[in-house]
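The values are calculated or read from the model by the stated rules, or taken from the named source; none is laboratory data. As the structure is a prediction and not an experimental result, all values here were calculated from the model. Every residue, glycine as well, gets a Cβ built from its backbone with ideal geometry; the counts of neighbours run over all protein chains shown. To get the accessible areas, we keep the full protein, side chains included, count just its heavy atoms, and leave off ligands, DNA and RNA. Shrake-Rupley method; radii C 1.70, N 1.55, O 1.52, S 1.80 Å.
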Amino acid sequence: MVRLNKIYTRTGDGGTTGLGTGERRLKCDQRVEAFGAVDEANACIGLARVHTGGAHAGIDAMLGRIQNDLFDLGADLATPDTGKKLDYEPLRIVASQVTRVEQDIDLLNKNLSPLRSFVLNGGTPAAAALHLARTVARRAEREMVALAQQEGEHVNPEGIRYINRVSDLLFVAARAVNDNGNADVLWVPGKNR
């Protein structure tokens, strides 16, 4: 169990932060950018949940599970796999977490009206918040992929699959709260020329 007795430690005042391994990295390090973006996506999902708790209880429960998993993903990213044995078993995203999100996507998607165009971000307040969370999740995915491309860095492939599925789920959930897609705001190419 995590125990936080003191919120400020002053250890980051010099522009570094600690990883799960105890290693210090600059706060602008690509690994820190990656788990920071995951944290931002989690915060956006929390904001979306302000709008999904009542009429969309099933979606809200899905989002609650995802929020917990995103902390797992942050822990995964904050503990680089260097190949060295650690004194503890690091928390890693696993395939079953990806599968569960895929099952949730399939459940939501079966009731959606077919797409006739790209969807503009908006509609209901819940949909707008879910679209915002989706775009931040996509940024987290880009940050993770960029980290994986750096020499000497390793990113759990299941983590990349997980964040990719989360952004897909957020898109489908946004359509679901927009009257199963019937209230989606669609892009009309060249409409304002």
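Tally time: how many residues in the stretch 148-180 are charged (D, E, K, R) and over 14 Å from the mean Cα position of the chain (by Cα)?
4
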Next on the checklist: Condition check: at pLDDT 95 or above and touching a His at 6+ places or on another chain (Cβ under 9 Å). Does Ala127 satisfy that?
Outcome noted: yes
Checklist outcome for this item: If we keep only residues of the stretch 106-118 that are under 22 Å from the mean Cα position of the chain (by Cα) and under 18 Å from Arg165 (Cα atoms), then the residue surrounded by the most Cβ atoms within 10 Å (Cβ to Cβ) is Leu108
Item to check | Qualifying residues in the stretch 145-159 (those that are small (Gly, Ala, Ser) and more than 18 Å from Val94 (Cβ to Cβ)) - the one least open to solvent (accessible area, probe 1.4 Å) | outcome: Ala146
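What do you reckon, is Val50 assigned to a helix (DSSP H, G or I), more than 14 Å from Leu130 (Cβ to Cβ) and among the aliphatic types (A, V, I, L, M)?
Judged against the criteria, Val50 is not a match.
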Next on the checklist: Every residue in the stretch 66-104 that is touching a residue at least 40 places away in the same chain (Cβ under 8 Å), in a helix (DSSP H, G or I) and surrounded by 16 or more Cβ atoms within 10 Å (Cβ to Cβ), please.
Outcome noted: Ile66, Asp69, Leu70, Leu73, Ala75, Asp76, Leu77, Ala78, Gln97, Val98, Val101, Asp104
